[in-house]
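The values are calculated or read from the model by the stated rules, or taken from the named source; none is laboratory data. Because the structure is a prediction, the values reported are computed rather than measured. For neighbour counting, all protein chains shown are included, and Cβ atoms are generated from backbone atoms with ideal geometry for every residue, glycine included. The protein model used for the area step is the full one, side chains on, heavy atoms only, and it has no ligands, DNA or RNA in it. Shrake-Rupley method; radii C 1.70, N 1.55, O 1.52, S 1.80 Å.
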Amino acid sequence: MLRFTTQDVNGVLVLAFEATDDLVTDWQITQRDWLYKLVESHPDSRFAIDLSGVNYLASSEIGFLVSLKRRIDRRQGRVVIFNVGPYILEIFQTMGLVKVLDIVDDLTAALAKLAAPAGA
């Protein structure tokens, strides 16, 4: 399972995920729904996702990240994922997700990318 913390950096909502051994079955219903609502209601539509605390993603967690991106896209927002470890990056490449996910090295690069005009 994943847990997360949030931080606002110059209007950008930074979501830092980390792996946990908790086998909480209602996590999807509670935390994921809460996070979806937060993303949909945040005043700024720019988001950065930090995966530095994650070294493995189950298929349901990958699906969750894709769903999160879709929700951000629906509100014409932008999301950048950073601090992706080599194993997860390889999974994203194998699944073809690098074509739809905007992945950069670190928070500085993520903030710079989100500060630039869309498509830059």
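Side notes on the structure shown:
- Residue count for the stretch 51-60, restricted to those that are modelled with pLDDT under 95 and crowded, with 16+ Cβ neighbours inside 10 Å: 3.
- Selection count, the stretch 67-86, where residues are over 19 Å from Ser45 (Cβ atoms) and surrounded by 12 or more Cβ atoms within 10 Å (Cβ to Cβ): 3
- Only helices (runs of 4 or more DSSP H) whose full extent lies in the chain are considered here, and the ones with at least 2 residues that are touching a helix residue (DSSP H, G or I) at 6+ places or on another chain (Cβ under 9 Å) are 33-41, 59-74, 86-94.
- Applying a threshold of 7 Å to beta carbon distances and a minimum spacing of six or more residues, or different chains, the list of pairs starting in the stretch 38-51 at a residue that is closer than 13 Å to Lys69 by Cβ and of a type in the set (Gly, Ala, Ser) and ending at one that is open to solvent by less than 40 Å² (accessible area, probe 1.4 Å) and in a strand (DSSP E or B) reads Ala48/Val12; Ala48/Val14; Ala48/Val80; Ala48/Phe82.
- Qualifying residue in the stretch 21-33 (condition: open to solvent by less than 30 Å² (accessible area, probe 1.4 Å), within 14 Å of the chain's Cα centre (by Cα) and closer than 15 Å to Leu111 by Cα): no
- Test: Gly96 is more than 17 Å from Ala48 (Cβ to Cβ), modelled with pLDDT of 95 or more and open to solvent by less than 40 Å² (accessible area, probe 1.4 Å): yes
- Of all residues in the stretch 99-119, those satisfying the criterion of being closer than 20 Å to Ser60 by Cα and open to solvent by 60 Å² or more (accessible area, probe 1.4 Å) are Lys99, Val100.
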